[in-house]
Amino acid sequence: MSAERAELRERALAAISAAREPSELARVEREFLGKDGALGKLLGSIRDVPPAERKAFGEGANELKRALEAALAERRAVLERERLAAERTDEHFDATLPARALAHGSLHPLTHVVRRLEQIFSSMGYAILDGPEVELDAYNFEKLNIPHDHPAREMHDTFWCDREQRLLMRTHTSPVQIRALEKMPPPFRAIVPGRCFRNETTDASHEHTFHQMEGLVVGEGITVGHLIGTMKTFLREVFQQELEVRLRPGYFPFVEPGFELDVRCPFCAQGCSVCKRSTWIELCPCGMVHPAVLKAGGIDSQRYTGFAFGLGLSRLVMLRYGIDDIRHLMGADVRFLEQF
Ligand SMILES: [Zn+2]
């Protein structure tokens, strides 16, 4: 057996050093190390080796394989050096030509903000969830306490995929709340960054495709105080300063009580165009999860409470980077994207 191996080694090494072209080298590699190559056949003959000698046989074959791979790599490097040397002596070769500039990509501002938020919320023990963008009416509306004839549906200009199957493009990230409630036993905390879709006429502040980040915390004894504390913490991290927040009553069918959370404008003291001269910026709807929503998700609403918020990511990105038109975010203008 070892004689056979020695013969194979000699034949392969000779073929490798005889190869003059990378393509020839590749052929030699296939011939000896390929799937049906000579080494494979040798290894296949292990069946005919007496059991006591099999270990040594396998070790020998592996050693041969490594040796051939090393010889191949070395020969490949030699051929490459020869090719470069030949190129440099070519009369058309100009060593003084400037190198071609490499075009660098950059991350989308949304990606920057989502990554930062994911960091902040994971450090507070939140799970990061994902959910389908094509959603069932039941998850997008019904189980979120927005029944069939509810007027709140009119605020959601919905793209329907299939009206009979009740399939739609989700109009918010809140359906993932129900999916989370159905799957995860409380207590838990989760955020859901994602795309949402509304059949809206686009302008500087409206876009048919936009980004939200849903937040959901469920446990025993969760209160509005936890909600405010959480929002203040994350705003401090995003804007790198302590920002005042306020809650105004707001109506959303899936929370009770529901609020609009405003944040003190980080860009001015007396009023500016971002805060429309009011020094307050509307940041996100939020509130205590409605007992009907907890029940729809199979949670005991007597024992558990929770809070939820729906952060407008597109809006936050615009605030963070001073972008004045939401349409820039989904447009693929490289001149815009290169700035981040
Ligand atoms: Zn302002």
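Distances between placed amide hydrogens fall under 5 Å for T171 paired with F197, all partners being 5 or more residues away or on another chain. Take every pair of alpha-carbon atoms less than 8 Å apart whose residues are at least six positions apart; their mean separation over the length of the stretch 195-332 yields a relative contact order of 30 percent.
Averaging the sequence gap over all C-alpha pairs within less than 8 Å and six or more residues apart, then dividing by the number of residues, gives the stretch 2-89 a relative contact order of 34 percent. Rg/Rh, computed from the Cα trace of the chain with Rh as the Kirkwood radius, has the value 1.25. Put simply, the Cα atoms of the stretch 203-272 extend 40, 33, 21 Å along their principal axes, the longest span coming first. The Cα-based radius of gyration and maximum Cα-Cα distance (Dmax) for the stretch 2-89 are 15.5, 58 Å.
In this structure, the amide hydrogen of A127, modeled 1.01 Å from its nitrogen in the peptide plane, lies closer than 5 angstrom to those of R189, A190, I191, counting only residues at least 5 positions away or on a different chain. Counting lysine pairs in the chain that sit 8 or more residues apart in sequence, or on different chains, and whose Cα atoms lie under 26 Å apart gives 9. Sorted largest first, the principal axis extents computed over the alpha-carbon atoms of the stretch 129-237 equal 40, 34, 25 Å.
Quick note: the coordinates plus some simple rules give every number you see, no bench work behind them. Owing to the predicted nature of the structure, the values given are computational and were not obtained by experimental measurement.
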